[in-house]
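Here's the structure we're looking at; comments come further down.
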Amino acid sequence: MNIAIANDHGGYEYKQILIPFLQGLGHSVVDLGCHDSGSVDYADFALPCGEAVARSEADRGIVICGTGIGVSIAANKVKGIRCALCTDPLMARLTREHNDSNMLALGGRIIGIELAKEIVAVWLATDFTGGRHQNRIDKITRYESER
Ligand code: RB5
């Protein structure tokens, strides 16, 4: 898959490790910044990452900040984005199976890097179950399109 990745200063260090990890899993990566550990505003990076996924310029998006909360809130403002903040592999599996999440948020100050790698690997490898879960997503999509 083609993965767009973005972060603020709280996620920079993890992104530097996750990019080669993703490439090692056979994915291509587009790095949308930020590009050093200087203080920035997470919305400036999470929103363009969401836009890239929403425009199908990337198959999936991964956003990282200190907690993962700021980037997930921002990404979820983009129409068509279902960004899931995950702190363990079970959440990563279930959000793919049930929510068909197209973006993953991680907290670089919350979880360890090995756990982050496992979450990413599970999230990318798990398919959406569909069925009753599709009906639930359709309600969100309908809500978005009516506004
Ligand atoms: C930056 O200090 C921090 O607020 C940010 O990385 C993130 O945790 C926000 O949700």
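Rule-based calculations on the coordinates, nothing more; no lab input. Every value quoted in this text rests on a predicted model; they were computed, and no experiment measured them. Backbone-built Cβ (ideal geometry, glycine too); neighbour counts: all protein chains shown.
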Most exposed to least, judged by fewest other Cβ atoms within 10 Å, S37, S72 sort to S37, S72
Taking the dipole about the Cα centre of region 14-147, with the C-beta of Lys and Arg at +1 and of Asp and Glu at -1, give me whichever of A75, L32, I140 is farthest to the positive side. I140
Summed over the other residues with a beta carbon less than 11 angstrom from that of C34, with K and R at +1 and D and E at -1, the charge totals -4
Classify region 20-107 as rounded, prolate or oblate from the Cα gyration tensor: take a ≥ b ≥ c as the square roots of its eigenvalues, call it rounded if a/c is under 1.5, otherwise prolate when a/b beats b/c and oblate if not. rounded
Give me E57, E146 ranked fewest to most by other Cβ atoms within 10 Å of their Cβ, as a rough exposure proxy. E146, E57
FRET efficiency estimate (nearest 0.05) - Cβ-Cβ, I137 to I17, R0 25 angstrom: 0.20
Per residue Cα convex hull volume in Å³ - calculated over region 1-53: 56
Quote the charge dipole size of region 1-116 about the Cα centre in Debye, to the nearest 20; the model charges only the Cβ of Lys and Arg (+1) and of Asp and Glu (-1). 320
For the chain, what does -39500 (n - 2.57) per DSSP helix run (n ≥ 4), summed and divided by total residues, give at 222 nm, in deg cm²/dmol to the nearest 500? -14500 deg cm²/dmol
Which distance in nm do the two modelled labels at L90 and S39 give, with both placed 7 Å along the Cα-to-Cβ direction? 3.8
Sorted largest first, the C-alpha extents of the chain along its principal axes in whole angstrom are 41, 30, 26
Tell me whether region 69-147 comes out rounded, prolate or oblate; compute the Cα gyration tensor, take square roots of the eigenvalues as a ≥ b ≥ c, and use a/c under 1.5 as the rounded threshold. oblate
Rounded tilt (10° steps) of 12-24 against the dominant C-alpha axis of the chain: 70
